[in-house]
Amino acid sequence: MTTRFSFEKLGQDGKARTGVIHTPRGDIRTPAFMPVGTAATVKAMLPESVAATGADILLGNTYHLMLRPTAERIDRLGGLHRFMNWSKPILTDSGGFQVMSLADLRKLTEDGVTFRSHIDGSKHMLSPERSMEIQRLLGSDIVMCFDECPALPADRTRIEDSMRLSMRWAERSRAAFGDRPGYALFGIQQGGLEQDLRAESAKALRDIGFEGYAIGGLAVGEGQEAMFACLDYAPDQLPEDKPRYLMGVGKPDDIVGAVKRGVDMMDCVLPSRSGRTGQAFTRHGVVNIKNARHADDPRPLDDSCTCPACRSYSRAYLHHVYRAQEMISGMLLTWHNLHYFQEIMQGMRDAIAAGTFGDWETRFHEGRAEGDIPPL
């Protein structure tokens, strides 16, 4: 076990990279997909079940945890790892995105954001310093800078002003984080879809210095084509020897496209949220288990998948329990989706190491283009 945080690049194929992030709580293989445990739980999953899918790290949410049960309570109970029974690394976001998207009656100033809770209307303040304090109390291994993330589309002046505010907040976050060996603080690049603003943001972050760098402000309404156009240059603006994290992405083809362009880490609620709403991701695309065509189908979701949903249950059963609103529906479909996402990550890691990423990507897209198996 290492006692410090570091990134080791093990291979590269084009811009796609594979490596290991070393942390005191264990290694994170990259490219890495982080399941989202918003409120100290990945919905419908036990922590040991999440680990069984191949996940090396989870994401927790500062905004939700500061409101309920509070960071102070989690600290008194031994920290987030003990609280949620997860011994591997945890990354926590800064809370900024949720404040902008969920909270009511927001007031944004240079100091931070004052807002009212979406739960009970109570008044709270988040600033770079308070975000760092909350994430320290939670005990997260990777801490995110406090930033502002405007929704796209937005005019250039709005994006420019927001980015520069985020860079000032990044400097304050770095100062408030302090010297914490074994823990990491990631800066967040902003700038919308403007290449020069992204470059300005990246330079500001490099000048401050962070253990890792995130690409923020994407997957917020701009569409995949625009996102990929930004990712054609944004990762290259960040340090080569540090992990690069694309926040809030995404669908399987988004993930593959991001890794192709030099991204090392991603997170998204999609596998768990889709599982609870009857959607399963497979190598042949998305299966809507709620559809009547599955009611008499004895076949598995995916006959090449080894997850419990595919190994032990039929499409007919999964259709039945979804229609009956049984809890096991969300459990099995979420497990399958997380398993499939981790299978994609392992496939990319192996292909990058072997120098065959292009061939792997072709097969990935060909399988999805075939579509789901025909009805019986």
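Readers should treat all values here as calculations from the given coordinates under stated rules, not as data from a laboratory. Quick caveat, the model's predicted, so the values are computed rather than measured. Please note: Cβ atoms are built from the backbone with ideal geometry, for glycine as well, and neighbour counts cover all protein chains shown.
Within the stretch 232-250, list the residues whose amide N lies under 14 Å from a label point set 7 Å along Cα→Cβ of K15.
232-240, 244-246
Pick from L77, L197, L65 the residue whose mean-square fluctuation is largest in a GNM of the chain, springs joining Cα atoms under 10 Å.
Largest GNM mean-square fluctuation: L77.
When S201, S304 are ordered from fewest to most other Cβ atoms inside 10 Å of their Cβ, what list results?
On the way: S201 30, S304 11.
Least to most surrounded, the residues fall as S304, S201.
Per-residue ellipticity at 222 nm for the chain, helices alone: DSSP H runs ≥ 4 residues times -39500 (n - 2.57), over residue total, nearest 500 deg cm²/dmol?
On the way: 15 runs with 157 residues, N = 376.
Calculated at 222 nm, the ellipticity per residue is -12500 deg cm²/dmol.
Unpartnered cysteines of the chain (Cβ-Cβ under 4.7 Å counts as a partner)?
Within the chain, the cysteines lacking a partner Cβ under 4.7 Å are C145, C149, C230, C268, C307.
Here are some pairs, K43/K107; K107/K242; K15/K242; K43/K260; which of them have Cα atoms lying more than 23 Å apart in this structure? Could the numbers behind the result be given before it?
Details: K43/K107 31 Å; K107/K242 34 Å; K15/K242 14 Å; K43/K260 29 Å.
Table pairs above 23 Å Cα-Cα are K43/K107; K107/K242; K43/K260.
Looking at the stretch 252-305, what % of the alpha carbon pairs are farther apart than 16 Å?
Numbers: 773 of 1431 pairs.
Cα-Cα pairs of the stretch 252-305 separated by over 16 Å account for 54 percent.
Which of A234, A175, A214 moves most in a GNM of the chain, Cα contacts under 10 Å?
A175
How many nm separate the modelled label positions at L165 and A295, each set 7 Å beyond the Cα in the direction of the Cβ?
About 5.3 nm separates the two model spin labels.
FRET efficiency for D303 and F228, Cβ-Cβ distance as r, R0 = 30 Å, nearest 0.05? Walk me through the numbers on the way to the answer.
Values: r = 32 Å, r/R0 = 1.05.
After rounding to 0.05, the efficiency reads 0.40.
Treat the stretch 275-370 as a sphere of radius equal to its Kirkwood radius over Cα pairs and apply Stokes-Einstein at 25 °C in a medium of 0.890 mPa s; give the translational diffusion coefficient in µm²/s, rounded to a whole number.
On the way: Rh = 13.9 Å.
Rounded to a whole number, D works out at 176 µm²/s.
Which order do M100, M84 fall in if you start with the one that has the fewest other Cβ atoms within 10 Å? Mind showing how you got there, number by number?
On the way: M100 20, M84 17.
Placing the least packed residue first, the sequence is M84, M100.
How compact and how long is the stretch 132-189, expressed as Rg and Dmax of its alpha-carbon atoms in Å?
Just the Cα atoms of the stretch 132-189 yield Rg and Dmax of 13.1, 40 Å.
Order of S131, S140, S101 from fewest to most other C-beta atoms within 10 Å? All intermediate terms of the calculation are to be shown ahead of the outcome.
Details: S131 31, S140 25, S101 13.
Ordered by Cβ neighbours within 10 Å, fewest first: S101, S140, S131.
Taking the DSSP beta bridges in the chain as the whole, what percent of them are antiparallel, to the nearest 5? Please report the intermediate quantities before stating the final value.
Values: 23 of 45 bridges.
Antiparallel: roughly 50 percent of the beta bridges in the chain.
From zero up to wherever the largest Cα-Cα distance of the stretch 13-67 sits, split into 5 Å bins and tell me the percent of pairs in each.
Spelled out per bin, shortest first, that is 4, 17, 21, 21, 18, 11, 5, 2, 0.
Find the Rg to Rh ratio for the chain, where Rh is the Kirkwood radius over alpha-carbon pairs and Rg uses the same atoms.
Details: Rg = 20.5 Å, Rh = 21.2 Å.
That ratio equals 0.97.
Within the stretch 150-173, which residues have the backbone N less than 16 Å from the label spot 7 Å out from E110 along Cα→beta-carbon, could you tell me?
Only 161-173 pass the distance filter.
Placing +1 at every Lys and Arg Cβ and -1 at every Asp and Glu Cβ, with all other atoms neutral, what dipole size does the chain have around its Cα centre, in debye to the nearest 20?
So the dipole magnitude of the chain works out to roughly 940 debye.
Could you tell me which of rounded, prolate or oblate describes the stretch 213-331, using a ≥ b ≥ c as the square roots of the eigenvalues of the alpha-carbon gyration tensor, with rounded for a/c under 1.5 and, failing that, prolate when a/b is larger than b/c and oblate otherwise? Can you show the working numbers first?
Values: a/c = 2.89, a/b = 2.59, b/c = 1.12.
Prolate.
Long-range amide H contacts for G19: which residues qualify at under 5 Å (H placed 1.01 Å from N, peptide plane, sequence gap of 5 or more or a different chain)?
Those qualifying (amide H under 5 Å, at least 5 residues apart or on another chain) are L10, T30.
Sort out for me the Cα centre separation of the stretch 75-149 from the stretch 211-242, rounded to whole Å.
23
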